[in-house]
Amino acid sequence: MKATDLFVRCLENEGVEYIFGIPGEENTDLMDSLIDSDIQFIDVFHEQAAAFMADVYGRLTGKTGVCLATLGPGATNLMTGIGDAYLDYSPVVAITGQAGLERVHKESHQHVNIVGMFEEITKWSQQIKVAHTIPEIIRKAFKTAQLDKPGAVHVELPEDIAMTDTGGEPLPVSSIPISQPDESEVKRAVELIKRAERPIILAGNGVIRDNAATELKKFAEKVNIPVANTFMAKGVLPSDHPLTLYTVGMQEQDYVLCGFDTADLIITVGYDFVEYLPKYWNDEAMHKIVHLDTLPAEVDAYYPTEAELVGDVKESLNELSERIQQKELWPKVKELKTQLEEKLHASDEESGSPVKPQRILADLKKAEKGEAIVISDVGAHKLWVARMYQPDKPNHTIISNGWASMGIAIPGAVAAKLSNPEKPVVAVTGDGGFMMNAAELVTAKRLGLAFVVIIFHDSKFGLIEWKQLKEFDRTNGIEFTDPDFMEFAKSVGAKGIKVEHSDELLPALDEALASEEIVLVDVDVDYSENMKLTEQLGDYICKL
């Protein structure tokens, strides 16, 4: 058979449903082989969007997302989204074409060392040099993408290898081994938790990756330990759970850090440094730490571990749950939770024009009723989503907080709707991030998808304005001109709803979520709240 026929058979063997990408001359043979496959190729308008789609698909399903580009500029366009999958720990395989091997040793049209470039942002980057190695390389690529902390992998298929004749069969797909924590470390952790008077759990993205939210809830409830989560671990406890302390991650002294200041033991579960460095919550390196994750703890002066339970997060939590009896909840937790709820809901009902970001997110929570998958883009609104928006289910709020790339929301919504067609999907984005991949609304329309886009509209790069004002009390290079979003929506076959006053917002969101088409809800946002929050957190005093 032709090499690309074997390549496609190997992808089918891995259970690939979709390939997101843009075809090119150097992968023409692969595109031809896909015609006879059940794998759906989804054309996009920019390779960056294809990688974002594969990334969000991987995070939501736990299966490996796949994206494709040609050589040169097509391959480099993938790199932003692949970087996102790498630092957000999402299983993705990126496939790129390449010039024929007979010309890669010399100066040649569109040829650069793509394998070398991808080595910096993937777990493994490999060129296929002979066709009969395709089954091994594809099996290794998918296994590597899923192992330990998952992440991105890159496979390059040169055009002359793609068209050669070869033989072979896909290799059997083996299950990922489940590792157990070391018994001596479990015993040490049990003793530390038993002795602790004021323990607190910091839940990270690894709880979502290992599908361990149920086990975390069981452990927290049995032992009576409060739980704070990172941006990417939202929903590990329901928003109304008595033990949740909501979200940490603001680099100012947010109120939830009262709990960390007072704690005598921190239990990190699936915690990734890439989201929120220990120095922000353990700045004097005074807290004892019990570490639960699939990999050993990163070496960091602010992260002194007393016990490391390295293995499957579910298994580690189950071990602790079986060995520790219920403890008394330390009394100050209820007081802290009351303080947090007062701060988080203080502006939920504030009326006016333009609309406060807190009000936008409060109304979104009311409208979506805890069922929607919410994809946040990156910008000032992301910090408000992270701090204020509290979902009721795990893996229902997708935030890029490792790579933290603008432009992820619209491609992410496409992937979310494809992987969860029965769920309402909401993309929350600033106008800057929206314009980076707005063309993918046409892709969504072509696919017959329906979701809601909420645009925080201020005609600025709001997060950069926030940072500049904080540091220098003046701004530069942050303003731009937006199109008429209502006309833009019409031009791509979507519906547009303009919101200028907070009283218009909830009816607009109810209408949008009830619709069976793509709806843009364009909201004029009051970002004067950004500096007010900075001042508020700057004056933070722990009252426990």
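Going through region 474-511 one residue at a time, which ones are outside any helix (DSSP H, G or I), among the charged types (D, E, K, R) and surrounded by 13 or more Cβ atoms within 10 Å (Cβ to Cβ)? Steps first, answer last, please.
The first filter runs over region 474-511 and keeps only residues outside any helix (DSSP H, G or I), leaving 474-484, 492-501.
Then keep just the ones that are among the charged types (D, E, K, R); that gives 474, 479, 482, 484, 495, 498, 500.
Listed by number, the residues that qualify are Asp482, Lys495, Lys498, Glu500.
So in region 1-19, with the set limited to residues that are touching a Phe, Trp or Tyr at 6+ places or on another chain (Cβ under 8 Å) and outside any loop (DSSP other than H, G, I, E, B), which one is surrounded by the fewest Cβ atoms within 10 Å (Cβ to Cβ)?
Across region 1-19, the extreme among qualifying residues is Tyr18.
Report, ordered by the first and then the second residue, all pairs with beta carbons closer than 6 Å, sequence separation of six or more or different chains, a first member in region 522-535 that is in the same structural domain as Trp466 (by TED's automatic domain parsing), and a second member that is part of a loop (DSSP other than H, G, I, E, B).
Correct list of pairs: Asp524/Pro354; Asp524/Glu500; Val525/Pro354; Val525/Asp458; Asp526/Pro354; Asp526/Lys356; Tyr527/Asp458; Glu529/Lys356.
I'd like the full set of residues that are more than 18 Å from Ser405 (Cβ to Cβ) and in a loop (DSSP other than H, G, I, E, B), limited to region 81-110.
Across region 81-110, the qualifying residues are Ala99, Gly100, Val104, His105, Lys106, Glu107, Ser108, His109, Gln110.
Let's see how each residue does on (1) touching a residue at least 40 places away in the same chain (Cβ under 8 Å); (2) touching a Lys or Arg at 6+ places or on another chain (Cβ under 8 Å); (3) part of a helix (DSSP H, G or I):
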{"site": "Lys279", "(1), (2), (3)": "no, no, yes"}
{"site": "Tyr302", "(1), (2), (3)": "no, yes, no"}
{"site": "Glu306", "(1), (2), (3)": "yes, yes, no"}
{"site": "Gln326", "(1), (2), (3)": "yes, yes, no"}
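Could you tell me which numbered condition Leu243 fails, if it satisfies all but one of (1) at pLDDT 95 or above; (2) buried (at least 22 other Cβ atoms within 10 Å of the Cβ); (3) more than 21 Å from Glu191 (Cβ to Cβ)?
(2)
Checking the conditions here, which among Ala99, Ala145 is within 21 Å of Phe41 (Cβ to Cβ) and either surrounded by 18 or more Cβ atoms within 10 Å (Cβ to Cβ) or touching a residue at least 60 places away in the same chain (Cβ under 8 Å) (or both)? Even if it seems obvious, please write down each step before you answer.
Numbers: Ala99 fails: within 21 Å of Phe41 (Cβ to Cβ).
Sole residue among the options that is within 21 Å of Phe41 (Cβ to Cβ) and either surrounded by 18 or more Cβ atoms within 10 Å (Cβ to Cβ) or touching a residue at least 60 places away in the same chain (Cβ under 8 Å) (or both): Ala145.
Of the residues that make up region 407-418, is at least one in contact with a Phe, Trp or Tyr (Cβ under 8 Å, 6 or more places away or on another chain), under 25 Å from Asp272 (Cβ atoms), not in a helix (DSSP H, G or I) and not assigned by TED's automatic domain parsing to the domain that holds Glu252?
Yes, the conditions are met somewhere in region 407-418.
Which residue, of Ala438, Ala404, is within 26 Å of Glu529 (Cβ to Cβ), of a type in the set (A, V, I, L, M), modelled with pLDDT under 95 and in a loop (DSSP other than H, G, I, E, B)? Explain how you work it out, then say what you get.
On the way: Ala438 fails: modelled with pLDDT under 95.
Step by step, each of Ala438, Ala404 is checked, and only Ala404 is within 26 Å of Glu529 (Cβ to Cβ), of a type in the set (A, V, I, L, M), modelled with pLDDT under 95 and in a loop (DSSP other than H, G, I, E, B).
How many of the residues making up region 353-379 are closer than 23 Å to Lys343 by Cβ, at pLDDT 95 or above and either surrounded by fewer than 24 Cβ atoms within 10 Å (Cβ to Cβ) or over 15 Å from the mean Cα position of the chain (by Cα) (or both)?
15
Name the residues in region 118-133 that are hydrophobic (A, V, I, L, M, F, W, C) and surrounded by 18 or more Cβ atoms within 10 Å (Cβ to Cβ), would you?
Within region 118-133, Phe118, Ile121, Trp124, Ile128, Ala131 meet the criteria.
Which one of these is among the charged types (D, E, K, R), part of a loop (DSSP other than H, G, I, E, B) and out of contact with any strand residue (DSSP E or B) (no Cβ under 8 Å at 6 or more places or on another chain): Glu516, Glu529, Glu471, Glu465? Walk me through how you get there before you give the answer.
On the way: Glu529 fails: part of a loop (DSSP other than H, G, I, E, B); Glu471 fails: part of a loop (DSSP other than H, G, I, E, B); Glu465 fails: part of a loop (DSSP other than H, G, I, E, B).
One residue alone meets the criteria, Glu516.
In the list Thr76, Thr28, Thr70, Thr80, which residue meets the criterion of being at pLDDT 95 or above and farther than 25 Å from Ala438 by Cβ?
Thr28
Looking only at region 279-296, which residues are crowded, with 17+ Cβ neighbours inside 10 Å and modelled with pLDDT of 95 or more?
Ile289, Val290, His291, Leu292, Asp293, Thr294
Pull out all pairs, ordered by first then second residue, where Cβ-Cβ is under 9 Å, the residues are six or more apart or on different chains, the first lies in region 382-406 and is in contact (Cβ under 8 Å) with a residue 40 or more places away in the chain and within 21 Å of Gly58 (Cβ to Cβ), and the second is of a type in the set (Val, Ile, Thr) and surrounded by fewer than 23 Cβ atoms within 10 Å (Cβ to Cβ).
Pairs found: Pro394/Thr214; Asn401/Val274; Gly402/Val274; Trp403/Thr80; Trp403/Ile121; Trp403/Val274; Ser405/Thr80.
The values are calculated or read from the model by the stated rules, or taken from the named source; none is laboratory data. In this text, all values refer to a predicted model and were calculated from it rather than measured experimentally. With ideal geometry, Cβ positions are generated from the backbone for all residues, glycine too; neighbour counts draw on all protein chains shown.
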